[in-house]
Structure formats: C-alpha cells, structure tokens
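Structure, as structure tokens:
The values are calculated or read from the model by the stated rules, or taken from the named source; none is laboratory data. Note that this is a predicted model, so its numbers are computed, not measured. So basically every Cβ, Gly included, is an ideal-geometry build from the backbone, and we count neighbours across all protein chains shown.
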Amino acid sequence: MRIYLIRHGETHANVLFNTPDRMMIGALESPITQLNETGRQQALQTRRYFEGVHVDQVISSDLGRTRETSSIIFPEHDVQFTPLLRERSLGSDEGKRTELLFIHPEMQQYHVFPETDSLEVALSKRVPDGENYLMVMDRCREVLSQFDFNEDKTVALVAHFHTIRCMRYVLLNKEPDKEIFNLMIHNAKPALFEYQNGSFVEIQLD
C-alpha cells in the first residue's frame, strides 16, 4: 500500500502567520481560511504531478480549504470527505488574534510552547473545548484502521498542518517526540509513504 499525505493549498490565514494579525485557526471555517490564488496554483501544480500517478482512493478533510484543494488536484475522483482529517480543533479560541490571546497568562496553560513545555505537557495541552495532539493521533489511527496495508493500493489523504504532523508519526509507528513541533508541512506538497515488510517508510519524491 502507498499513502500520499497532502496539505491544503495556501490560505489567506497562512499569509497572516508571521504578522501581528495572525489568528488561531484550528478547524475554523471563514473567508480567511479559504484558498488564495497562490494556494490554487499550488494545487494545480500538484495536480500535474498526479497526472502520472494512479490513485485508487482520495479521502479529504471536510473543511472548505481541503475540499477545494482535493477537487483541484483530483478532479476525476469521487472524493470521500471526513471530519476525521480536520485540523486540530482550538475550540473557543478559533478566530482570535494570537498576540491578544497570549497576553492573558491564564490562556498560556491551554496552548503549546515547545521551548518551555515538557513533551508530556505539550502533547496533552488543549483548549477545554478543543483537541490536543494525542486526540488528533487517535483520529489518524481511526482513518488508517479501514485499510489493509498489504493491499496493492494507492490512497491520497488531503488534510492540514497539525493533522499531517500527527499522521506521519502514526504511519511510521513512532512515539511522538519534540521534533513533531518542528516538522514543516508545506502547502499542497505531497509526501509518500509505502508499506514494506510490515511497516511504512517514507519515499523521497523529486
């Protein structure tokens, strides 16, 4: 079995990430979480890659930015949409400006600070009505539980930044470590994992 992991294309919110207007996004649905023109072009470029690849099944998060990305990359497929591949929920903090949120000391207990948090704390922190990394990993396992890894099949999973971070660890059967918080997941760039001799390995793409 081969599994492609693909993050959605760039959104307006992604552009705000390194600015004072950065917002807590999570699973938020908003005009700023939709693809921008760069994101659509990224998805089109990835579509050209998959023109030479046979894909048996496409499963996507049901949020708008992944729906649009999957429809651009895989226009001929009957895409299956699921909330199991949604971004990590930030609950009631979604849509709030990050810099305003973090000036309140009590809010810091809910958000991950890898530089100062222990691994155990960082993995388990969550907004009371949101999710932590361990909960997202459980969702990833539920997605993968439907597959027979020994089957000769290629599947594409279209998801989000933190979800794909978690899915990589689950696929590789690795215990999470601090590196999970440094793992970069680029917009609309596919990563391939292949099941070989009882475990998944990552295949480097050109």
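At-a-glance table
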item	result
Per-region count, region 1-31, residues in contact with a strand residue (DSSP E or B) (Cβ under 7 Å, 6 or more places away or on another chain), modelled with pLDDT under 95 and crowded, with 17+ Cβ neighbours inside 10 Å	1
Residue check, Phe147 within 17 Å of Gln57 (Cβ to Cβ), of a type outside the set (Val, Ile, Thr) and assigned to a loop (DSSP other than H, G, I, E, B)	yes
Among (1) on the phi < 0 side of the Ramachandran plot; (2) assigned to a loop (DSSP other than H, G, I, E, B), the one test that Gly95 misses	(1)
Evaluation of Arg40 against (1) in a helix (DSSP H, G or I); (2) under 16 Å from the mean Cα position of the chain (by Cα); (3) of a type outside the set (Asp, Glu) (one fails), failing number	(2)
Region 1-24, residues that are under 29 Å from Leu172 (Cα atoms) and either within 17 Å of the chain's Cα centre (by Cα) or among the β-branched types (Val, Ile, Thr) (or both)	Ile3, Tyr4, Leu5, Ile6, Arg7, His8, Gly9, Glu10, Thr11, Asn14, Phe17, Met24
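Yes/no per residue for (1) of a type in the set (Gly, Ala, Ser); (2) within 25 Å of Gln196 (Cα to Cα); (3) more than 18 Å from the chain's Cα centre (by Cα); (4) not in a helix (DSSP H, G or I):
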{"site": "Ser71", "(1), (2), (3), (4)": "yes, no, no, no"}
{"site": "Met135", "(1), (2), (3), (4)": "no, no, no, no"}
{"site": "Glu151", "(1), (2), (3), (4)": "no, yes, yes, yes"}
{"site": "His162", "(1), (2), (3), (4)": "no, no, no, no"}
{"site": "Met167", "(1), (2), (3), (4)": "no, yes, no, no"}
